[in-house]
Amino acid sequence: MPRSAPKAHAPESIEILHDLCGVYTKPALVKRLLDRVGWTHEADLSSARLLEPGAGDGEFLVEAVRRLVASFVRCGVHLDIKSLRDRVLAYELAPGEANKARTRIIAEMKALGMHHSTAIACARAWVRTEDFLLAELPHPNFTHIVGNPPYIRWSKLPKAMSKAYAEKLPSTIARGDLYLPFLHRSFEHLANDGRCAFICSDRWRYTVYAKDFRTKWLASMHIETEPAGEAKEAFDRDVYVHPEILTASRRKSLKPQKARRKRGGKTLAELGCTIRVGPALGVTPAFVLEPHEHDVEPQLLHPWVDTSEVLAGRVDWSGRRVISPYDNTGDLIDLENHPLFAAHIRRFEAPLRARYIVRNGAAWYRTIDKVKAIDWSPPKLLIPEVAKIPRVAIDRSGAIPSHGLYCIFSHQTDILDIYDRLRDGKLAKALAPIAPRVKGRYMRCYRRFLAMMTI
């Protein structure tokens, strides 16, 4: 059923949106994305169709036009409005930016020797001042789709705009971040033999709001990602987002992937392992003693390690210890029976009382999570949750890990066997297609990614 024509967004809403996410792509990266989809001078583009969902001021379009004209000349295709009209389609919501894009296209085509009237006709046909997410596209499939979709949290959208999207878009993708429905609609309109390439955030790979998106598209699309460099190298202004280049094409068959899964390894759960994160303390200096500090009852102290002490293949313990203010049954100890601890912890009383758990009735001197030595005493593997190069070390000391460490316990397989499957770069290799990277090229080695990998 065709969509009914959507009401135009209010000008003030469009202006707000543009101010928030009008971040444009630098020319070098534009060229990389067009290369990724095969929109090149050497390709035969005479029957190709390029879609740009958010054109901005036309950076992608100008480079695409250069390549399109060069392709036509090389292939001997006559350059006129009839042959060019259906080759490109772009959407831009902000009228001022759409006009800039058209003006740049006209100037570029004239510089390439095109007649003035042909350049104007192409610019008008190619750039539509409409909302891509709500528009009725004139063609069902595009062979090439590229762009830099707008990135903005759903909660920051103008209310009238988010309401319009909620009425027209599937509820599974009308949430989280605006770039998600841009990817969704683009995938819907990708030809069977077509390719997409976007510069976008990597958050679709791991956020809860993108779970339905992943479920729908990972089964039918072959998606690859690669680093795009720092944000300042990718965009015309600095933004706090880790960009990646996403390329996608439709899967020809799922059989090869299933075969690889059988030949591959097993998940940690299949190997009889459990994954736990180190206990949260709340105010770390209140509960962690430096090696030279001895002002707490020794029976309350246990070795403590954090991410800086977990190296590739070994734990370099600095001698710090964590205070466990709990008895053997897990009950909180009485301060009156532990005067040294009482004197120590009262130095941190103000920040400890300011914690959320205390405001909700918890004892002010407790840790957020219970710290019990027996829970961490079995041999375990330690993995920092964020690292440039994921690393793993085996610990047999019973040390209690910080909240920034994930621990793998093996209940069926020898822990050394699990370690051998992860050491010497194998952990990084297993996580590479799953775990996203954040600013600075650090990889998130979170529990759900560790649980998903096969080794």
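The residue that is nearest to Glu59 (Cα to Cα), among those in segment 204-231 that are surrounded by 20 or more Cβ atoms within 10 Å (Cβ to Cβ) and under 12 Å from the mean Cα position of the chain (by Cα), is Trp204. When the residues of segment 244-269 are filtered to those that are β-branched (Val, Ile, Thr) and in a strand (DSSP E or B), the one that is modelled with the highest pLDDT is Thr247.
Across segment 138-180, the qualifying residues are those that are of a type in the set (A, V, I, L, M, F, W, C) and without any contact (Cβ under 8 Å) to a residue 60 or more places away in the chain, and the one among them that is nearest to Pro27 (Cα to Cα) is Leu180. The set of residues from segment 355-390 being farther than 25 Å from Leu300 by Cβ and small (Gly, Ala, Ser) comprises just one member, Ala387. When both residues are 6+ apart or on different chains and their Cβ atoms are under 6 Å apart, which pairs have a first residue that lies in segment 15-33 and is at pLDDT below 85, and a second that is assigned to a helix (DSSP H, G or I)? Between residues of segment 15-33 that are at pLDDT below 85 and residues that are assigned to a helix (DSSP H, G or I), the close pairs are Tyr24/Glu59; Thr25/Glu59. Which one is modelled with the highest pLDDT among residues in segment 404-421 that are surrounded by 13 or more Cβ atoms within 10 Å (Cβ to Cβ) and among the polar types (S, T, N, Q)? Across segment 404-421, the extreme among qualifying residues is Ser410.
With respect to the conditions (1) modelled with pLDDT of 95 or more; (2) in a loop (DSSP other than H, G, I, E, B); (3) not small (Gly, Ala, Ser), Pro140 lacks only one, and its number is (1).
Restricting attention to segment 326-341 and to residues that are out of contact with any Leu (no Cβ under 9 Å at 6 or more places or on another chain) and in a helix (DSSP H, G or I), the residue that is surrounded by the fewest Cβ atoms within 10 Å (Cβ to Cβ) turns out to be Glu336.
Scanning segment 418-455 for residues that are within 30 Å of Lys370 (Cβ to Cβ) and free of Cβ contacts under 8 Å to residues at least 40 places away in the same chain returns a single hit, Tyr419. Against the criterion of being within 17 Å of His9 (Cα to Cα), buried (at least 21 other Cβ atoms within 10 Å of the Cβ) and not basic (Lys, Arg), Leu133 qualifies. Can you find a residue in segment 372-391 that is touching a Cys at 6+ places or on another chain (Cβ under 7 Å) and assigned to a loop (DSSP other than H, G, I, E, B)? Yes, the conditions are met somewhere in segment 372-391. Taken over segment 51-75, residues that are buried (at least 24 other Cβ atoms within 10 Å of the Cβ) and either free of Cβ contacts under 8 Å to residues at least 24 places away in the same chain or among the hydrophobic types (A, V, I, L, M, F, W, C) (or both) amount to 7.
Meeting the requirement of 3 or more residues that are farther than 25 Å from Val88 by Cα, the helices (runs of 4 or more DSSP H) wholly within segment 148-235 are 159-168, 211-217, 231-234. Restricting Ile81, Ile14 to residues that are hydrophobic (A, V, I, L, M, F, W, C), on the phi < 0 side of the Ramachandran plot and surrounded by fewer than 17 Cβ atoms within 10 Å (Cβ to Cβ) narrows the list to Ile81. Taking segment 275-325 as the search range and keeping residues that are in a strand (DSSP E or B) and among the charged types (D, E, K, R), which one is surrounded by the most Cβ atoms within 10 Å (Cβ to Cβ)? Among residues in segment 275-325 that are in a strand (DSSP E or B) and among the charged types (D, E, K, R), the one surrounded by the most Cβ atoms within 10 Å (Cβ to Cβ) is Arg321. Restricting attention to segment 340-361, does a residue exist that is over 29 Å from Arg396 (Cα atoms) and among the hydroxyl-bearing types (Ser, Thr, Tyr)? Yes, segment 340-361 contains at least one residue that is over 29 Å from Arg396 (Cα atoms) and among the hydroxyl-bearing types (Ser, Thr, Tyr). Filtered by the rule that a residue be among the aliphatic types (A, V, I, L, M) and either closer than 15 Å to Asp80 by Cβ or assigned to a loop (DSSP other than H, G, I, E, B) (or both), segment 104-137 gives Met109, Leu112, Met114, Ala119, Ile120, Ala121, Ala123, Ala125, Leu133, Leu134, Ala135, Leu137.
Annotation: of all residues in segment 155-186 being aliphatic (A, V, I, L, M) and touching a Ser or Thr at 6+ places or on another chain (Cβ under 6 Å), the one that is farthest from Lys216 (Cα to Cα) is Ala160.
The values are calculated or read from the model by the stated rules, or taken from the named source; none is laboratory data. Every value quoted in this text rests on a predicted model; they were computed, and no experiment measured them. Reconstructed Cβ throughout: ideal geometry from the backbone, glycine too, with neighbour counts over all protein chains shown.
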